[in-house]
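Heads up, the thing below is written out as structure tokens.
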Amino acid sequence: MGINMRSGLFSGSATGAILALSVVFAPSVVLADTEAVTEEIIVTAQRRAQSVKDTGLAINVLSGRDLVTRGIGNVTDLQHHTPALEITPAFGGGQPQFRLRGVGFEDYATNNTPTVGIYVDEVAFPVPAATQGVLFDIDRVEVLRGPQGTLYGRNTTGGAINFLTRRPTETEEAGFIAEYGSHERFRAEGYVSGPLTDTLKGRVSAVTEQGGAWQENRVTGEELGNARRYGVRGQLLWTPSDRFDGLLNLHYGRDHSDGSGGYLLTDFATAFGAGPTIPADRDPKYTGWGLSQNFANLVGVGVDTKPSRRNESAGLSATLNWAFDGVKLTSITAYDRLERKELNDWDASSYQESDTYWQSGVDVFSQEVRLASTKSEGLKWLGGLYYGRQGLNEVFLTDFSGSLGFITDTSYKQEVESLAAFGQVEYDLAPKLTLIVGLRYEHEDRDLKNFATAIGGAPTFTNGSRSTSFDEASGKLGLEFRPAARTLLYAHVSRGVKSGGFTVYNSPSEAQIDAFEPEILVAYEAGFKAQLHPTFYANGSVFYYDYQNQQVLTTILHQTYGAIGRIANAPKSKITGAELEGVWTPVPGLSITQTLAYKKGEYREFFDLDATSVQGNPTIGYTADYIDRKGQSLGFPELSYNGAVSYVWNAAGFDWRAGVDYSYRDKLTSWLGNDFDIDSYWLANADLSFRPQDSKFGFALYGRNIFDTEYDVTRNYFLPNARVGWAGRPASWGVRIQYNY
């Protein structure tokens, strides 16, 4: 729309690939287990080991086995297994848009921070494109809902997702998992772990994922969607004494996979009706692509090149822990580098209406230092300092030659530097009552340098440098009450801050790149966690979010280009919601988990351009209406439901495990108009695993989307005449084999 309407490091990143390895190599992923509802799940969400049932936070935990049996292959897949979480790939590409409890940020550019923090072994990934690789060698995933910042290096308004990888082991261990399934998809992962000396242990894990193409070109029949991902991670754990340990993590990844193809929602009248009309696609597996010779020359590819990515990443982190009498000092130093090249076809056809190419170089360095008490009762405290530096160098090419008659070349650099002090104190006011006080102060400088959008080699404007900064305090005040054993009641109010930034789309107007302000979210929440019966555990929460300066993707009007996408601040908005989860083990071996989440959001104050009212063309100019959005929905699915049922048993000399999981996503009503609404849908997966008793081999049969539900992950348009949807994967089936030594 206009030049744009709206719209990794994990994707093929070393770290992303590393994540993938851990998932599959968990020693128990295929094996039957007798996990009971009374078994404790230990988490470190509050920077110390504690039972998830004794943590006064809304938190969900998925084990490495869960990731395998449920087919969770990347960060985006978590949304079907976590309450109130949505992760949308912008235009079906490698830039994720996170939304947790309705708190989200829609942006297809690379330069701005997400509302949901992603951490791998306590290292933050502040660039969203860096979070989309395969998951492997993971011990567990912790999803925290609500503002985070008094215990974490970075500040977020929506929540945090923590990936904890498997550590080097005391004894020699090795294993692999291999999967083969529909569309010739193959995936293999393996690890080797154990002691190298009396004080040094090591672990190496690796993953590869190949094949899986399920889409095809509607004209030529050529397939699209094959994975070509690799990753490796190495870890060294040094423990020279009982008062010190150091962990070195090295990782590398490469993703040379096909991209995702869109399908046409409505008839596509090319060249604003002056060219042929392509009928709407009846089957979402059909798509199209094709480049002009000029654009292909600029990118350095052939005119028939598929949507694809060529991403590589590498990084390292060093985590050092010193134990003193009653306190623990932790230092985490990390560096990651992403080289991203991504080619997309946003008109889903061979016509040159909106073909796009990203070339990005991202450097992220961080240093975190924490000092924490080690007491389990009385006064517990933690304090820390965080320093982060990001560098981004990006080029964004778009081919509008089939519609507007030109190719745009947008380039810029961005530098971000942040420094924060944070801490939290927990004090037992009485044997059953705990007071929690957290505080954070943060300073950030964000500089956009030499931004330019060139058309025919000439920049649309020359003043392309901007700067913005903020100094903000945030924090948390809460109470936890334990009226009886295995019962927790909690209530807290917290304040979160999300960085401001810049809209770096194709920009014919100087006003488009002016900075938008940080957003502030004040969250009020109350909840409970209770073992209501030896076989039944439940937790629930209610919340109210008060938004100030919410960052919203909206539009400004340009007389030549129409509505141009821009991120702006909505002065006031709110979100209310509730969540309920139950875990029931009615008989030994049978486990049933059910989760229901509801949320509703609306603007309280926001005067905005009505994008659906834009009329005109580049020759005569454009007009539009402006509307008061007070009382209008923030635009996210209100209801979500997740469930899982598993049963383990022994028979005929085998250990068996059968499981199903299912999820429901409510309808998404789009502000772009009815063509872009996404209907509600159900998804279901199934897994049957078996292992000969006393054997080191395990086997499984699995199905994903077993009812072959047709659903869309996103819908959008880049120009008014091509309305496109990106579909979710159809049903797939496969086999899995695992060996652990």
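The values are calculated or read from the model by the stated rules, or taken from the named source; none is laboratory data. Source: prediction; values computed, not measured. Here the Cβ is made from the backbone with ideal geometry for all residues, glycine too, and neighbour counts use every protein chain on show. For accessibility, only protein heavy atoms count, side chains too; no ligands or nucleic acids. Shrake-Rupley method; radii C 1.70, N 1.55, O 1.52, S 1.80 Å.
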Legend entry - Sole residue being in a strand (DSSP E or B), under 30 Å from residue 113 (Cα atoms) and either hydrophobic (A, V, I, L, M, F, W, C) or under 28 Å from the mean Cα position of the chain (by Cα) (or both), chosen from 236, 247: 247
Inset, instruction - Return the residue satisfying two criteria in turn: it lies in the range 224-246 and is farther than 18 Å from residue 313 by Cα and of a type in the set (Gly, Ala, Ser), and of such residues it is surrounded by the most Cβ atoms within 10 Å (Cβ to Cβ). - result: 225
Inset, instruction - Please verify whether the range 72-93 includes one or more residues that are of a type in the set (Asp, Glu), open to solvent by 10 Å² or more (accessible area, probe 1.4 Å), in contact with a strand residue (DSSP E or B) (Cβ under 7 Å, 6 or more places away or on another chain) and more than 24 Å from residue 522 (Cα to Cα). - result: no
Legend entry - Which numbered condition residue 437 fails, given (1) at pLDDT 95 or above; (2) over 30 Å from residue 47 (Cα atoms); (3) among the β-branched types (Val, Ile, Thr): (2)
Inset, instruction - Would you mind stating whether residue 620 is open to solvent by less than 50 Å² (accessible area, probe 1.4 Å) and either in contact with a His (Cβ under 7 Å, 6 or more places away or on another chain) or of a type in the set (A, V, I, L, M) (or both)? - result: no
Legend entry - Yes/no for residue 449 being in a strand (DSSP E or B), open to solvent by 10 Å² or more (accessible area, probe 1.4 Å), modelled with pLDDT of 95 or more and at negative phi: yes
Inset, instruction - Only residues that are aliphatic (A, V, I, L, M), under 23 Å from the mean Cα position of the chain (by Cα) and in a strand (DSSP E or B): list them for the range 483-517, please. - result: 497
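How about the range 623-634: which of its residues are in contact with an Asp or Glu (Cβ under 7 Å, 6 or more places away or on another chain) and open to solvent by 60 Å² or more (accessible area, probe 1.4 Å)?
Passing the criteria: 625, 626, 630, 632, 633.
Would you check if residue 646 is closer than 22 Å to residue 596 by Cα and over 24 Å from the mean Cα position of the chain (by Cα)?
Numbers: closer than 22 Å to residue 596 by Cα: yes; over 24 Å from the mean Cα position of the chain (by Cα): yes.
So residue 646 fits the description; yes.
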Legend entry - Looking only at the range 372-395, and only at residues there that are charged (D, E, K, R) and modelled with pLDDT of 95 or more, the one that is least open to solvent (accessible area, probe 1.4 Å): 394
Legend entry - the range 247-276: number of residues that are open to solvent by 30 Å² or more (accessible area, probe 1.4 Å), more than 23 Å from residue 715 (Cα to Cα) and among the hydrophobic types (A, V, I, L, M, F, W, C): 3
Legend entry - strands (runs of 3 or more DSSP E) within the range 694-741 that include 2 or more residues under 20 Å from residue 187 (Cα atoms): 697-704, 732-740
Legend entry - Contacts under 7 angstrom Cβ, first residue in the range 163-185 being within 30 Å of residue 47 (Cβ to Cβ), partner at pLDDT 95 or above and open to solvent by 50 Å² or more (accessible area, probe 1.4 Å), 6 or more apart: 170/195
Legend entry - Conditions (1) over 30 Å from residue 51 (Cα atoms); (2) open to solvent by less than 20 Å² (accessible area, probe 1.4 Å): number failed by residue 509: (2)
Inset, instruction - State whether the residues of the range 375-383 include one that is acidic (Asp, Glu) and out of contact with any Asp or Glu (no Cβ under 9 Å at 6 or more places or on another chain). - result: no
Inset, instruction - Determine whether the range 277-295 contains at least one residue that is in a strand (DSSP E or B), surrounded by fewer than 22 Cβ atoms within 10 Å (Cβ to Cβ) and aromatic (Phe, Trp, Tyr). - result: yes
Legend entry - Matching residues, the range 635-654, being of a type in the set (A, V, I, L, M) and open to solvent by less than 20 Å² (accessible area, probe 1.4 Å): 644, 648
Legend entry - Output for the range 296-310, where each listed residue is in a helix (DSSP H, G or I) and under 21 Å from residue 255 (Cβ atoms): 299
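Here are some residues: 350, 313. Which one is crowded, with 18+ Cβ neighbours inside 10 Å, in a strand (DSSP E or B) and among the hydroxyl-bearing types (Ser, Thr, Tyr)?
Just a single option satisfies the conditions, and that option is 313.
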Legend entry - Only listed residue being more than 22 Å from residue 177 (Cα to Cα), in contact with a helix residue (DSSP H, G or I) (Cβ under 8 Å, 6 or more places away or on another chain) and small (Gly, Ala, Ser), chosen from 732, 689, 663, 680: 663
Inset, instruction - Restrict the check to the range 655-668 and report whether at least one residue is at pLDDT below 95, basic (Lys, Arg) and open to solvent by less than 60 Å² (accessible area, probe 1.4 Å). - result: yes
Inset, instruction - Might you check whether a residue that is farther than 30 Å from residue 491 by Cβ and more than 28 Å from the chain's Cα centre (by Cα) occurs anywhere in the range 565-585? - result: no
Legend entry - Options 129, 160, 174; residue that is open to solvent by less than 10 Å² (accessible area, probe 1.4 Å) and either part of a strand (DSSP E or B) or under 27 Å from residue 581 (Cβ atoms) (or both): 160
Inset, instruction - Scan the range 316-347 for residues that are at pLDDT below 95, more than 23 Å from residue 256 (Cβ to Cβ) and open to solvent by less than 30 Å² (accessible area, probe 1.4 Å) and report the count. - result: 1
Legend entry - Breaking point among (1) open to solvent by less than 20 Å² (accessible area, probe 1.4 Å); (2) at pLDDT 95 or above; (3) of a type in the set (Ser, Thr, Tyr), for residue 714: (2)
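Mind telling me which of the residues 440, 482, 486 ends up being closer than 30 Å to residue 528 by Cβ, touching a Leu at 6+ places or on another chain (Cβ under 7 Å) and basic (Lys, Arg)?
Answer to the check: 482.
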Legend entry - Subset of the range 104-132 (residues that are of a type outside the set (A, V, I, L, M, F, W, C) and either over 15 Å from residue 162 (Cα atoms) or more than 12 Å from the chain's Cα centre (by Cα) (or both)): 104, 106, 107, 108, 110, 111, 112, 113, 121, 122
Legend entry - Among (1) in contact with a Leu (Cβ under 6 Å, 6 or more places away or on another chain); (2) closer than 17 Å to residue 101 by Cα; (3) buried (at least 22 other Cβ atoms within 10 Å of the Cβ) - the single one residue 540 does not satisfy: (3)
Legend entry - Any hit, the range 107-121, residues being open to solvent by 20 Å² or more (accessible area, probe 1.4 Å), part of a strand (DSSP E or B), out of contact with any His (no Cβ under 6 Å at 6 or more places or on another chain) and not β-branched (Val, Ile, Thr): no
Inset, instruction - Considering only the range 208-233, state which residues are farther than 22 Å from residue 181 by Cβ and part of a strand (DSSP E or B). - result: 217, 232, 233
